[in-house]
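Only the coordinates and a few stated rules stand behind these numbers; no lab work does. Computed from a prediction, not measured in an experiment: that's the story for all the values here. Because the Cβ atoms are built from the backbone with ideal geometry, glycine has one as well, and the counts that use them run over all protein chains shown.
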Amino acid sequence: MSQVITANRLTDGIVVYVGHDGAWTGQLDEAKLFACKAEAETGLAAARDDAKRNLVVEPCLVDVTDEAGGWRPLTLRESIRALGPTVDFLPQSRVFTYAANPVPGHALKPETKARLTVPGQASPRTPELIGATGLSDEITR
């Protein structure tokens, strides 16, 4: 059974495979095939050296089969890693509209934005913010 070596590139997490020249490639079709177990173990040892040098994470062997469209992993997990999700995830039209009238008695809350304040630095909006919260007595204590 043919195998390839796969891992995730450490810089961006992309799934990569050991290529024909020993470099990492992002395409399964460009991966080097290992026909015997001894050759695959030697390749895996080299891939683990790349993991020690922080180029990739978790190199492992994956069983593949030859099909009309190219190489295909035998497990669902590796198929998803190689080919992407198994469901269509294109955006659908929105079910809800933001311009809809609110239910009577349920007013929309105004958006608030978080602010980072540095102790010792006065903000020009401090009195406005204190007055809006109604906590001026508690803040001055």
Gyration tensor verdict on the stretch 2-83 (Cα atoms; rounded if a/c is under 1.5, prolate if a/b is larger than b/c, oblate otherwise): oblate
Trypsin sites (Lys or Arg not before Pro) restricted to the stretch 18-92 and DSSP loop, no more than 10 other C-beta within 10 Å: Arg53
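For Glu30, Glu39, Glu67, Glu78, which order do you get if you count the other beta carbons within 10 Å of each Cβ and list the fewest first? Before the final figure, lay out the partial values.
Numbers: Glu30 16, Glu39 13, Glu67 8, Glu78 19.
Arranged by neighbour count, lowest to highest, Glu30, Glu39, Glu67, Glu78 become Glu67, Glu39, Glu30, Glu78.
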